[in-house]
Amino acid sequence: MLIRVETSPEDIAGMNAAQGVITARGGMTSHAAVVARGMGTPCVSGSPDIKIDYASKTLKTTSGVVINEGDWISIDGAKGEIIEGKVPTVSVEMTGNFGTLMSWVDEIKTLTVKANAETPKDAKQARDFGAEGIGLARTEHMFFDPSRIQDMREMILADNVEGRRAALAKLLPYQKADFVELFKIMDGLPVTIRLIDPPLHEFLPHTEEDIAILAAHIGKPVEFVKQRSEALKEQNPMLGHRGCRLAITYPEICEMQTRAILSAALECKNAGVVVKPEIEVPLVGSKKEVDIVKAVIDATAESLFAETGDRIEYSVGSMIELPRAAVLANEIAESCEFFEFGTNDLTQTTLGMSRDDTGKILDEYRARGIYVADPFASVDQLGVGLLIKDAVAKARATKGDKIHLGVCGEHGGDPDSIEFFHKCGFNSVSCSPFRVPIARLAAAQAAVKNPRK
């Protein structure tokens, strides 16, 4: 069991190894909950009744219970329960009557159900559960592997373009290999790959030992690493130098990722795999941002095609996760072949609430009737929903049915939210692999209750 005050992307290796995750801070769509859900790992995130002490390696509850490292504990991620001792478990299977039912839902639903996945394990699990493609592959998760993280950090700490390109050249084969695996697993189905999204400081080391290892790797003094790391820190990184802003200020990162995606697609195509790559630009707020990044993508693609003497079709779209993007969806749609609504961040930025820090506030808000449900678990139809409806209408007015509209936030696996998205006229929803079956069922129920013309 991985027990943390809160998790961050650098905890990916630990989360992969864990059978369950517990955090003191967070909520339904915090980093720990989202990543664990994608892995099919139970998670209790955001419990105000526990205190975690790293020094003594203990978990203490407000009632006085103390759990030490090495003790048996069990968790129920659905109910948010932490249980002393070892509780028997069974594996889920889609067999018998349930398997028959799931064969019916696919005949009825009109929404395509995809999965959020970026590892071969998650992609295979998603396809086994009936996913019809990958709606979100988060490329940043691919960089935290121990064999890659130092090269990633070298790229981040480089103080000129040449240094960044040298480090990116080391990362290119890894990225390409990852995409080859995804394309093979999803043979014949679309794969939407999001360009790197989080702020770069999240990849940097924090302990003195790790800082010293990185300094030796790049051949620089420890003080250099500390100074550069300090310079990259931001007061509010969630709204800082991330998303498309990285691709605009460091286009060489976008070039490497585009080359990795399309060279992997070409390799798979020539091996007989049907590949449908979709490149997604995150955190846009204007058409101009999309145009700048798309120009880099297209130029890189043409360069690769000229080198190889081969071509492959690909599409470019954007994430709609800022209120400004939703309001200007008519303009942004001019430069996009698809939209994926990142409803996690769209909810944060619209409500001005952090998905990681407002769990205790939301309990009080629901009790007082301010919100009927947790807006990070079930889409806020009165507020965020109005932005979504408006954005869909504007995108359709610009592009009609030529633009694919999908959802890739965690709301894509919530039945009530799926019904709302169906009524809005979306083409697809994407959710964590283990939520694909319920999303398929919910999509069919939405189609029965709200038939499309």
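Numbers for the structure displayed
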| quantity | calculated |
| --- | --- |
| Criterion (touching a Lys or Arg at 6+ places or on another chain (Cβ under 7 Å) and without any contact (Cβ under 8 Å) to a residue 40 or more places away in the chain) met by exactly one of 215, 137, 158 | 158 |
| Condition check for residue 228: more than 22 Å from residue 246 (Cβ to Cβ), among the basic types (Lys, Arg) and either in the same structural domain as residue 244 (by TED's automatic domain parsing) or in a helix (DSSP H, G or I) (or both) | no |
| Out of 412, 383, 352, sole residue that is surrounded by 20 or more Cβ atoms within 10 Å (Cβ to Cβ) and closer than 30 Å to residue 237 by Cβ | 412 |
| Candidate set: region 120-157, residues that are in contact with a Gly (Cβ under 7 Å, 6 or more places away or on another chain) and not acidic (Asp, Glu); chosen: the one surrounded by the most Cβ atoms within 10 Å (Cβ to Cβ) | 135 |
| Residues of region 109-119 that turn out to be surrounded by fewer than 24 Cβ atoms within 10 Å (Cβ to Cβ) and modelled with pLDDT of 95 or more, as a count | 3 |
| Residue in region 296-312 that is at positive phi and of a type in the set (A, V, I, L, M, F, W, C) present | no |
| Complete set of residues in region 253-274 that are charged (D, E, K, R) and closer than 27 Å to residue 156 by Cα | 255, 259 |
| Residue among 287, 294 that alone is in contact with a Leu (Cβ under 9 Å, 6 or more places away or on another chain) and among the basic types (Lys, Arg) | 287 |
| Identity of the residue in region 13-50, among the hydrophobic types (A, V, I, L, M, F, W, C), assigned to a helix (DSSP H, G or I) and buried (at least 21 other Cβ atoms within 10 Å of the Cβ), that ends up modelled with the highest pLDDT | 15 |
| Hey, residue 290 among the hydrophobic types (A, V, I, L, M, F, W, C), more than 19 Å from residue 408 (Cα to Cα) and crowded, with 23+ Cβ neighbours inside 10 Å or not | no |
| Unmet criterion (only one of (1) modelled with pLDDT of 95 or more; (2) assigned to a helix (DSSP H, G or I)) for residue 137 | (2) |
| Pick from region 53-102, criterion on the phi < 0 side of the Ramachandran plot, assigned to a helix (DSSP H, G or I) and not hydroxyl-bearing (Ser, Thr, Tyr), ranking: surrounded by the most Cβ atoms within 10 Å (Cβ to Cβ) | 102 |
| Identity of the residue in region 295-338, under 20 Å from the mean Cα position of the chain (by Cα) and among the polar types (S, T, N, Q), that ends up surrounded by the fewest Cβ atoms within 10 Å (Cβ to Cβ) | 315 |
| Yes/no for residue 281 being over 18 Å from the mean Cα position of the chain (by Cα), closer than 23 Å to residue 137 by Cα and not polar (S, T, N, Q) | no |
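Matching residues to (1) farther than 30 Å from residue 142 by Cβ; (2) assigned by TED's automatic domain parsing to the domain that holds residue 145:
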| residue | (1), (2) |
| --- | --- |
| 32 | no, no |
| 39 | no, no |
| 53 | yes, no |
| 63 | yes, no |
| 74 | yes, no |
| 91 | no, no |
| 104 | yes, yes |
| 111 | no, yes |
| 126 | no, yes |
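The values are calculated or read from the model by the stated rules, or taken from the named source; none is laboratory data. No experiment lies behind these values; they were computed from the predicted model shown. Glycine also receives a Cβ, built like all others from the backbone with ideal geometry; neighbour counts cover every protein chain displayed.
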